[in-house]
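Working notes, beginning with the structure itself.
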Amino acid sequence: DVRLRLVQGNVPQEDKWRPELRARWFARHLQLSADDATGISHVIWPEAASPYPLDREPEARRLVAQVVPPGGLLLTGGERFDLSGDPPKAWNSLFVVDDTGAIAARYDKHDLVPFGEFLPLRGLLGQIGLSKLTPGMLDFEAGPGRQTIALDGLPPFSPLICYEAIFPGGVVDPEARPDWLLNVTNDGWFGNSSGPYQHLAMARMRTIEEGLPLVRGANTGISAVVDPWGRVQARLGLGETGVLDAALPQPLPETPFALARPWPIILVVTASLLTIVLIESRARRRDSEV
């Protein structure tokens, strides 16, 4: 009985972080969430959809609570800050908000994008004038790693922010297998290019490897629901503003890959290389005999 609404706000990347437009983008997501939402049990917003830090802004959570289905949840990407230190700290996070406005769960992104979310070897590279490609000097902090979030009324899921969905064997907590994968992303960086299509294709591979469905909420697209066979059940195209309402597909039993992780691939690649070496060796012997 899980009926999801994926909200695709389609906020232009060049305008996303303009302070005077934050209220507009927030209102857009709230409106899309509320429009004709009969039968919806849970709402999903993409990466960094909330322009306000939900853990520090009770008024923003109050507004979010108004569009959460009764007894349901709203899952959204957003930033989190700790301003008590020097320097302050920031995380790229996923917040789960219930219909009272309380934060029911939170996930902090673990696999950060080099030069996008942090500057590697900042002490060295910063000295020679290098910086991140994204606005701001503050690096994001890495979360503790993969986790499975289990909440009442929602099957347990593995949260994946942006490109965390591209790593084979790295999208679930092996000690707590989820029922589905949730990938929230902002592919607005790619513009109208092959990037969003490539990103979705890589995420689809995780469903086949793990035998788990994927729900993907993207700011500018491509939002999609993918079954555990890798088949796209529903999608909202690149550059579209709107919502995607869909049922949550059921998972399959653990696949050989999920049970053994990379070993089947390692064995296949090793066997292939040995076969190539054997064929080449026999070909050389034949040539020498001739």
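The values are calculated or read from the model by the stated rules, or taken from the named source; none is laboratory data. In this text, all values refer to a predicted model and were calculated from it rather than measured experimentally. Reconstructed Cβ throughout: ideal geometry from the backbone, glycine too, with neighbour counts over all protein chains shown. Side chains are part of the model used for accessible areas, which takes the heavy atoms of the whole protein and leaves out ligands, DNA and RNA. Shrake-Rupley method; radii C 1.70, N 1.55, O 1.52, S 1.80 Å.
Only one of (1) under 26 Å from Gly145 (Cβ atoms); (2) touching a Phe, Trp or Tyr at 6+ places or on another chain (Cβ under 6 Å); (3) crowded, with 20+ Cβ neighbours inside 10 Å; (4) modelled with pLDDT under 95 is not met by Leu94, so which one is it?
(4)
Please state which one of Asp1, Asp15, Asp55 is open to solvent by 70 Å² or more (accessible area, probe 1.4 Å) and assigned to a loop (DSSP other than H, G, I, E, B).
Numbers: Asp15 fails: open to solvent by 70 Å² or more (accessible area, probe 1.4 Å); Asp55 fails: open to solvent by 70 Å² or more (accessible area, probe 1.4 Å).
Result: Asp1 is the single residue among Asp1, Asp15, Asp55 that is open to solvent by 70 Å² or more (accessible area, probe 1.4 Å) and assigned to a loop (DSSP other than H, G, I, E, B).
Taking the range 248-266 on its own, how many of its residues are open to solvent by 90 Å² or more (accessible area, probe 1.4 Å) and among the polar types (S, T, N, Q)?
The total comes to 1.
Within the range 64-80, does at least one residue satisfy the condition of being hydroxyl-bearing (Ser, Thr, Tyr), surrounded by fewer than 18 Cβ atoms within 10 Å (Cβ to Cβ) and within 25 Å of Gln147 (Cα to Cα)?
Here is the first cut: in the range 64-80, the residues hydroxyl-bearing (Ser, Thr, Tyr) are 76.
Of the ones still in play, those that are also surrounded by fewer than 18 Cβ atoms within 10 Å (Cβ to Cβ) are none.
Within the range 64-80 (the criterion being hydroxyl-bearing (Ser, Thr, Tyr), surrounded by fewer than 18 Cβ atoms within 10 Å (Cβ to Cβ) and within 25 Å of Gln147 (Cα to Cα)), the answer is no, since none of the residues qualifies.
Is there any pair linking a residue in the range 228-254 that is among the small types (Gly, Ala, Ser) to one that is assigned to a loop (DSSP other than H, G, I, E, B), with Cβ under 7 Å and at least six apart or on different chains, and which?
Short answer, once both residue conditions are applied: Gly237/Gly221; Gly237/Ile222; Gly239/Asn10; Gly239/Asn192; Gly239/Thr220; Gly239/Gly221; Ala247/Val2.
I'd like to verify a number: residues in the range 97-111 that are farther than 19 Å from Ala218 by Cβ, open to solvent by 10 Å² or more (accessible area, probe 1.4 Å) and not small (Gly, Ala, Ser), how many?
7
If Thr38 satisfies every condition in (1) in contact (Cβ under 8 Å) with a residue 60 or more places away in the chain; (2) exposed (fewer than 14 other Cβ atoms within 10 Å of the Cβ); (3) hydroxyl-bearing (Ser, Thr, Tyr) but one, which is the exception?
Of the numbered conditions (1) in contact (Cβ under 8 Å) with a residue 60 or more places away in the chain; (2) exposed (fewer than 14 other Cβ atoms within 10 Å of the Cβ); (3) hydroxyl-bearing (Ser, Thr, Tyr), the odd one out for Thr38 is (1).
If you take the residues of the range 267-290 that are polar (S, T, N, Q) and open to solvent by 70 Å² or more (accessible area, probe 1.4 Å), which of them is farthest from Phe257 (Cα to Cα)? If you could, list the steps in order and put the result at the bottom.
First pass over the range 267-290, keeping only residues polar (S, T, N, Q): 270, 272, 275, 281, 288.
From what is left, the residues that are open to solvent by 70 Å² or more (accessible area, probe 1.4 Å) are 275, 288.
On the way: Thr275: 23, Ser288: 42 Å.
Ranking the qualifying residues of the range 267-290, first place goes to Ser288.
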